[in-house]
Amino acid sequence: MDAFTTIIPNFGYVTFYDDQKSDDRIRFTLAHELGHILLNHCIDFEETLYFRSGLSAAQYKVLEREADTFAGAFIRPARLVRLLNSIYQKLHIAEIQAIFNISYSAANACINIVKKLNVLQEKNNINFFFQTQFFDFINASYCINCHYRFTSKSPNYCPICGKHNLLWYNTNLYIYDFIELDYGEIPIMDYKTYPQNIDNGRTETCPRCELENIDSDWNYCPICSLPTQNVCEDCGEKLDPHFRYCPKCGKESLYFKEKALTSWKDEYDTQHSSPTTTEASSWDEDTIPF
Ligand SMILES: [Zn+2]
Ligand SMILES: [Zn+2]
Ligand SMILES: [Zn+2]
Ligand SMILES: [Zn+2]
């Protein structure tokens, strides 16, 4: 037995579990026990409290399957996996294992559920729920080239460097182990951003002349005449003020063409050279051993 849950009067639920098992197994076990609690098994079927003394084997099996089904849906929701499959290439079983930190058999069970989902009626709000609930998780991207991390619905190009080599930002994926090997840690670059009006997305600080508190009604910066909306002139996509490229079509943004933004490499080098400069200037003749 991996675990059991009981009610202690005037206290509440208590779950006992074997903490010597593997991590993925403990996670599943605890989700299973949570299932028993949320599905009211301990209240509706009081007998489960003492090692199912009053339950038939068949009854017990039903409760166990219910708790297992709950745990599966909780830890690796099949709808979420299917969404991921449709956005990224179909996930390999090892990837599902890594992403959700589950065992091979749990990942395999999930794949089988996903296959069955495909034949179910599509017209429901469940997919929408998963899309919304997990938006940041699903749509997190990472650029291997300029190390920018951002959230955007299916981008084709990096909005900072314009390159095509974007990864799903999920550090459980094995590819991040290799990036970590190369850099010591996963490098993240914070490119300078500008405050935007929440209603229309226009910039509130001009990236070219740095004028602040630009009125949301103004179409142009009153100092340097830069339009207050960064845009892709090729496809018409509205862009965040610090985007150098259009994530949809990869063309240069208006702000980048207007030289309101420096190239990503300049900003990258500025951020990365400053510690070295400090180090170099702090040398004085006494510390040089010759
Ligand atoms: Zn159980
Ligand atoms: Zn990039
Ligand atoms: Zn300006
Ligand atoms: Zn575009």
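Here, each number is a calculation from the coordinates, and none is a lab measurement. If you're wondering where the values come from, they're calculated on a predicted model, not measured in any experiment. Virtual Cβ from ideal backbone geometry, glycine too; neighbours counted across all protein chains shown.
Values for this structure:
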{"item": "Mean separation of Cα contacts under 8 Å, 6 or more apart, over the residue count of the range 78-133: relative contact order %", "result": "41"}
{"item": "Taking only Cα atoms of the range 133-179, radius of gyration then Dmax in Å", "result": "10.3, 30"}
{"item": "Estimated inter-spin distance, Lys251 and Thr6, nm [label 7 Å along Cα→Cβ]", "result": "7.1"}
{"item": "Net length gained if the chain between Glu258 and Phe74 were fully extended (0.36 nm per residue, minus Cα distance)", "result": "61.3 nm"}
{"item": "Sorted by Cβ neighbour density within 10 Å, fewest at the top, the residues Val14, Val231, Val81", "result": "Val14, Val231, Val81"}
{"item": "GNM result for the chain, Cα springs below 10 Å: residue of Ala58, Ala31, Ala94 fluctuating most strongly", "result": "Ala58"}
{"item": "Modelled FRET efficiency - R0 22 Å, Tyr176 with Gln89, Cβ distances, 0.05 increments", "result": "0.85"}
{"item": "Tail fraction, Cα-Cα pairs, the range 3-75, threshold 16 Å, whole percent", "result": "48"}
{"item": "Whole-Hz couplings from phi, Karplus 6.51/-1.76/1.60, listed for the range 164-170; x for Gly and Pro", "result": "8, 7, 9, 10, 5, 7, 9"}
{"item": "Restricting the range 155-207 to GluC sites (Glu not before Pro) in coil, as DSSP defines it, with at most 14 other Cβ within 10 Å", "result": "Glu185"}
{"item": "Extended-chain gain in nm, criterion 0.36 nm per residue less alpha-carbon gap, Ala140 and Tyr183", "result": "13.4 nm"}
{"item": "The chain - convex hull of alpha carbons, volume per residue in Å³", "result": "264"}
{"item": "Size of charge dipole - the chain - debye, nearest 20, with Cβ of Lys, Arg +1 and Asp, Glu -1, no other charges", "result": "1620"}
{"item": "Likely footprinting exposure, Met1, Met189, fewest C-beta neighbours within 10 Å first", "result": "Met1, Met189"}
{"item": "Size-normalised alpha-carbon gyration radius of the range 78-133, reference 2.2 N^0.38 Å", "result": "1.12"}
{"item": "Nearest-0.05 FRET efficiency for Leu38 and Asn197, computed from C-beta distance (R0 45 Å)", "result": "0.60"}
{"item": "Cβ-Cβ FRET estimate between Lys163 and Lys21, R0 fixed at 30 Å, reported to 0.05", "result": "0.10"}
{"item": "Residue order, fewest to most surrounding Cβ atoms within 10 angstrom, among Asp24, Asp266", "result": "Asp266, Asp24"}
{"item": "Those aspartates and glutamates that a straight Cα-Cα span of less than 20 Å connects to Lys248, excepting residues fewer than 8 apart in one chain", "result": "Asp136, Glu233, Asp234, Glu237, Asp240, Glu258"}
{"item": "Of Lys21/Lys153; Lys90/Lys259; Lys116/Lys238; Lys90/Lys163; Lys115/Lys163, pairs whose Cα-Cα distance is over 32 Å", "result": "Lys21/Lys153; Lys90/Lys259; Lys116/Lys238; Lys115/Lys163"}
{"item": "Value of [θ]222 nm, deg cm²/dmol, for the chain, DSSP H segments ≥ 4, -39500 (n - 2.57) each, nearest 500", "result": "-12000 deg cm²/dmol"}
{"item": "Neighbour cut-off at most 14 other Cβ (10 Å), DSSP loop, chymotrypsin sites (Phe, Trp or Tyr not before Pro), the range 97-205", "result": "Tyr174"}
{"item": "Descending semi-axes in whole angstrom, ellipsoid equivalent of the range 72-210, from the Cα gyration tensor", "result": "32, 21, 11"}
